[in-house]
Amino acid sequence: MNASTIAQPASSDARPIAPLWHTGLFLLALGGLAGLSAYRHGLPAFGESRPTSYLITIAFEWLLAALAWWGIRLGGTPIRSVIGERWSSPKLFLRDLGIAAVFLIGSNIILGALSAALHTTNSESLKRMFPQSRTEIVLWIFLSLSAGICEEFATRGYLQKQLSGLFKSATAGLLLQGIVFGMAHAYQGAKHVLTIVLLGCMLGWLAQWRQSLKPGMVAHFVQDVVGGLLKGGH
């Protein structure tokens, strides 16, 4: 795949990759998961132990990804066309790793500036999310890996392509999935939602430009795991 092919945006005449009813089911499931997260994070003592919470969240992440995978299969779309080209050589792997690193640096500068402008701070419920012990750190790494893979596949893969096809606009698909992604994190507060919407749109642009979810998966994983370890109390 040459650079000119990579740089091409998704076609505006793209077709939906799954049945319309499935998208409704997917959004209901995502809304239910967001509601559950809002309820659990609002509990005074975090609702349950951190390890239990991590394991529950990991399970839901993979269930959501499985639901997206099912919809793509129903639509007859090859899964590889959603995820992107394989790493058939070390050069391709290193290229995506480099893209993810550059994206992380640039996105954190932009998001940091927005957070400073909005004067965002972490709530007590958010602070209680982060790992404190060695066991929690291990589980947090698996949770971050699950989030990187599953959320990118479900939102930047399935949802962005599906909405682009439904609205016949790659831009609409990119923006709408970013909004949905942000709203799914509404339990973090309005100011955090704005930054997450922006992050979702930037990840959407990366997936669209690269025609692959892999750099975004790597960046998402690193962002979550490093952020949690730095903010944790270990």
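Just a few scattered comments:
- Scanning the stretch 70-118 for residues that are without any contact (Cβ under 8 Å) to a residue 60 or more places away in the chain and in contact with a Pro (Cβ under 7 Å, 6 or more places away or on another chain) yields Leu74, Gly75.
- Condition broken by Ala184, with the remaining ones in (1) at pLDDT 90 or above; (2) under 11 Å from the mean Cα position of the chain (by Cα) satisfied: (1)
- Verdict on Ser107 being touching a helix residue (DSSP H, G or I) at 6+ places or on another chain (Cβ under 8 Å), buried (at least 16 other Cβ atoms within 10 Å of the Cβ), polar (S, T, N, Q) and at pLDDT 95 or above: yes
- Matching residues, the stretch 153-179, being part of a helix (DSSP H, G or I) and surrounded by fewer than 20 Cβ atoms within 10 Å (Cβ to Cβ): Leu166, Phe167, Thr171, Ala172, Leu175, Ile179
- Some residue of the stretch 181-188 being within 25 Å of Ser88 (Cβ to Cβ) and buried (at least 20 other Cβ atoms within 10 Å of the Cβ): no
- Per the listing Leu143, Leu163, Leu139, the residue uniquely in contact (Cβ under 8 Å) with a residue 12 or more places away in the chain, under 14 Å from Cys201 (Cα atoms) and of a type in the set (A, V, I, L, M, F, W, C) is Leu163.
- Ser53 touching a Gly at 6+ places or on another chain (Cβ under 7 Å), of a type in the set (Ser, Thr, Tyr) and either modelled with pLDDT of 95 or more or assigned to a helix (DSSP H, G or I) (or both): yes
- Remark: pairs (first residue in the stretch 188-205, over 24 Å from Leu36 (Cα atoms); second residue among the basic types (Lys, Arg) and modelled with pLDDT of 90 or more; Cβ separation under 8 Å; 6+ apart in sequence or on different chains) = Leu203/Arg156; Gly204/Arg156.
- So Ser115, is it polar (S, T, N, Q), part of a helix (DSSP H, G or I), touching a Phe, Trp or Tyr at 6+ places or on another chain (Cβ under 9 Å) and farther than 25 Å from His22 by Cα: no
The values are calculated or read from the model by the stated rules, or taken from the named source; none is laboratory data. This structure is a prediction, so every number in the text was calculated from the model and none was measured. Every residue, glycine as well, gets a Cβ built from its backbone with ideal geometry; the counts of neighbours run over all protein chains shown.
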